[in-house]
Amino acid sequence: MITRELLTPLIRETFALRNKVVMAPMNRRRATDGIPDASMITYYKQRAGAGLIITDNTAIASNGGAYLHTPGIYNEAQKAAWKKIVDTVHAEGGKIVIQLVHAGRIGHPAIQHNEPLIAPSAIKVNESILTPDGTYQPMTEPRALSREEIPYWIAKYKEAALNAIEVGFDGVEIHAAHGFLIDEFLNPYSNKRTDDYGGSIENRSRFLLEVVHAVADAIGKDKTGIRLSPFREIYDIKPYPEELATHEYVVDELQKAGIWYLHFSNAVVNGIGTIQEDYLRNVRARFTNTIMVAGGYTAESGEVLLQLKLVDLIAFGKLYISNPDLVERLRQNAPLAEWDEKTFYHGGESGYIDYPSLS
């Protein structure tokens, strides 16, 4: 295995990473009342050898987490728990950013403190979700946000970002992918608004860009990243005719904003990825800062993209679940451990912090 790029540092004017291996954001669901569990300290410490860690997606508000046991960063108890994690990662020489999310119409009021789901339009997702009583319940119809409410939710992203920097995170990643609130504004299947947040490409992109500017203005553009998932079908979000043009517009605007990085979520369907090399070439021509990809990559396939200079960082999810010392295994060309899907989202410490390292 040739990993000469993957294992080398990434040095820029405003940041330095000791390698180009990123621990991808994953929803491991080990929080209690939005407060990160003590085992999460061990979990992130074990994986601090990554050039960069991106946390579990983390709710910006009490109705923002899609799933049971999603962490948050909207109250003092949550901030205190995250600070222990951040300090531990930093003590190991690692760097860590928090992924900020509002799930929008994904979830159920029973998960979200009996608060209604919210969305750009009152269009429900035709799927069920696990609720606190142990049963799967249909997702409910969301309440469409009024025009007057939108600034409040932009401010909640800003507030969460400020909380993250106060705790000591090295930056934030705005989750604008996977059919969650920001992605719901972007996609015409979930956004039927007729005001200035719906209809045209510029209008559907407005919420995303206003969140980005609010966060970047508050904490610095050099600490602001974003995750996108163009061409991905998830939670009734489907591809649409203007999708490429929409994402080209978004990337162009993010280039003007000068933010730290773009992070693209790839999904492999029937052996074909949703993020293709041609698309990355298009993005590379438009965006001059850091580009990252995640989703189904191996060290070998990631190395190819790095050597082609289409991306700067490769994020690994499942490989990091079962290989806490992934960077060292790649460095030594050691075997990679298999993961246990049954414990991805449940199981406490089992399948979470009990995967062995080489040592």
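Here is a check on your reading of the model: is Ser350 touching a helix residue (DSSP H, G or I) at 6+ places or on another chain (Cβ under 6 Å) and polar (S, T, N, Q)? For Ser350, the condition - touching a helix residue (DSSP H, G or I) at 6+ places or on another chain (Cβ under 6 Å) and polar (S, T, N, Q) - is met. Report, by residue number, each residue of the range 187-215 that is assigned to a loop (DSSP other than H, G, I, E, B), more than 19 Å from Leu117 (Cβ to Cβ) and small (Gly, Ala, Ser). Gly199, Ser200, listed by residue number. The residues listed here are Glu115, Glu76, Glu148, Glu92; of these, the one that is in contact with a helix residue (DSSP H, G or I) (Cβ under 8 Å, 6 or more places away or on another chain), of a type in the set (Asp, Glu) and under 28 Å from Ala164 (Cβ atoms) is Glu92. Within the range 135-175, the set of residues being farther than 27 Å from Asp236 by Cβ and of a type in the set (D, E, K, R) comprises Lys158, Glu159, Glu166, Asp170.
Only one of the numbered conditions (1) in contact (Cβ under 8 Å) with a residue 24 or more places away in the chain; (2) touching a helix residue (DSSP H, G or I) at 6+ places or on another chain (Cβ under 9 Å) is violated by His69, and that is (2).
Return a yes/no flag: does the range 257-266 have any residue that is surrounded by fewer than 19 Cβ atoms within 10 Å (Cβ to Cβ) and either modelled with pLDDT of 95 or more or charged (D, E, K, R) (or both). Checked against the condition, which is being surrounded by fewer than 19 Cβ atoms within 10 Å (Cβ to Cβ) and either modelled with pLDDT of 95 or more or charged (D, E, K, R) (or both), the range 257-266 yields at least one hit. Counting the residues of the range 287-320 that are crowded, with 19+ Cβ neighbours inside 10 Å and of a type in the set (S, T, N, Q) gives 1.
Evaluating Pro230 against the criteria (1) in contact (Cβ under 8 Å) with a residue 40 or more places away in the chain; (2) over 26 Å from Ile60 (Cα atoms) leaves one unmet condition, (2). Filtering the range 112-131 to residues that are outside any loop (DSSP other than H, G, I, E, B) and hydrophobic (A, V, I, L, M, F, W, C) leaves Ile118, Ala119, Ile129, Leu130.
The residues on offer are Gly168, Gly198, and the sole one that is more than 23 Å from Ile73 (Cβ to Cβ) and out of contact with any Cys (no Cβ under 8 Å at 6 or more places or on another chain) is Gly198. Is it true that some residue in the range 171-186 is surrounded by fewer than 21 Cβ atoms within 10 Å (Cβ to Cβ) and either assigned to a strand (DSSP E or B) or touching a helix residue (DSSP H, G or I) at 6+ places or on another chain (Cβ under 9 Å) (or both)? There is no residue in the range 171-186 that is surrounded by fewer than 21 Cβ atoms within 10 Å (Cβ to Cβ) and either assigned to a strand (DSSP E or B) or touching a helix residue (DSSP H, G or I) at 6+ places or on another chain (Cβ under 9 Å) (or both). Looking at Leu280, Leu262, Leu326, Leu305, just one residue is out of contact with any Ser or Thr (no Cβ under 9 Å at 6 or more places or on another chain) and under 19 Å from Ala176 (Cα atoms), and that residue is Leu280.
Summed over the range 169-207, residues that are aromatic (Phe, Trp, Tyr) and more than 24 Å from Asn57 (Cβ to Cβ) total 0. Among residues that are under 25 Å from Gly258 (Cβ atoms), out of contact with any helix residue (DSSP H, G or I) (no Cβ under 8 Å at 6 or more places or on another chain), at pLDDT 95 or above and not aliphatic (A, V, I, L, M), Arg18 is included.
Once the range 148-170 is narrowed to residues that are outside any helix (DSSP H, G or I) and either of a type in the set (Val, Ile, Thr) or without any contact (Cβ under 8 Å) to a residue 60 or more places away in the chain (or both), the residue that is surrounded by the most Cβ atoms within 10 Å (Cβ to Cβ) is Glu149. Close contacts from the range 34-58, counting a first residue that is closer than 24 Å to Trp260 by Cβ and a second that is at pLDDT below 95 and of a type in the set (A, V, I, L, M, F, W, C), with Cβ to Cβ under 7 Å and a gap of 6+ residues or different chains, come to none at all.
The values are calculated or read from the model by the stated rules, or taken from the named source; none is laboratory data. Source: prediction; values computed, not measured. Every residue, glycine among them, receives a Cβ derived from its backbone with ideal geometry; neighbour counts consider all protein chains shown.
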